[in-house]
Every structure is written in structure tokens, then in C-alpha cells.
Amino acid sequence: MKRWRPEIKELAFKTLSKKSDGMFRWVACQLKELRKCLARNVERVLGELPKSLDETYMRLLEGIHEANRDDVYRLLQCLVVAIRPLTVEELAEILAIDFEDAERIPRL
């Protein structure tokens, strides 16, 4: 984004401001995607932005590689039921557990 021409930056600013409907999280997600774009593609990408935060999250989930989906699903399950925010180290521990080997999982 630093190398974008000023008119491209202005277009991105105006488009994000107009389409955001006051949702800062939506803007943050779109900026993350726009950072991956070459300047020549920004205008096209701005025209294809998801309309809502739900659609944004759906695109993110659909972008998860098939090989990683089970792990992502397991992490999301744990995050949803956790009584406090989990640390990166705790999330790594969750991924280290082989849930397919039921004999090695401790019983509570």
C-alpha cells in the first residue's frame, strides 16, 4: 500500500469509508486483503468487496485450505467454549493433542 499512487489510496479510502457502514472490523479485514493486491488490481478488488462482516468472515473461512479445516474447526470450537481468551501457546497445545487416539486422552 505504501507504493500505491495517491489517487489509488484516495479511492481505497473513499470506497472503504462509504461501504463500511461504520464497521471498523469490516474495514480492518478489507485492508488486510487489499495489502495483498498489486496497485493495478485495487480498483477491481474494491468493486468486489463483501457487503457485510458476515460475508467477510465467510470468505475467510472458505479460503482455509482443505487440509487445515479440521484443525481450524477444532480451534474455533475451543475458542467458543473457553471461559477466557486462550493464549497462542494454549491453542498450540490443542493442536498437539491427537483426538483420534481416544485411549491416550485423559478421562475427567
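The values are calculated or read from the model by the stated rules, or taken from the named source; none is laboratory data. Keep in mind it's a predicted model, so treat the numbers as computed, not measured. Accessible surface is based on the protein model in full, side chains and every heavy atom, while ligands, DNA and RNA are left aside. Shrake-Rupley method; radii C 1.70, N 1.55, O 1.52, S 1.80 Å.
Annotations
- Computed [θ] at 222 nm, deg cm²/dmol, the chain (DSSP H ≥ 4; -39,500 (n - 2.57); rounded to nearest 500): -17500 deg cm²/dmol
- Contour excess over end-to-end distance, with Cα ends at VAL88 and ASP101 and 0.36 nm allotted per residue: 2.3 nm
- What a 1.4 Å probe finds exposed on the chain is 57% carbon and sulfur by accessible area, rounded to a whole percent.
- Candidate aspartates and glutamates for bridging to LYS14, where Cα separation is under 17 Å - those fewer than 8 sequence places away on the same chain excluded: GLU33, GLU43, GLU48
- Nearby lysines by direct alpha-carbon distance to LYS36 (threshold 16 angstrom, same-chain neighbours under 8 apart not counted): LYS2, LYS9
- Å² of accessible area per residue within the range 21-108, as computed with a 1.4 Å probe and no ligands counted: 84
- The range 3-65: equivalent-ellipsoid semi-axes (sqrt of 5 x gyration tensor eigenvalues, Cα, Å): 20, 15, 9
- Tail weight of P(r) past 22 Å, computed on alpha-carbon pairs of the chain, percent: 51
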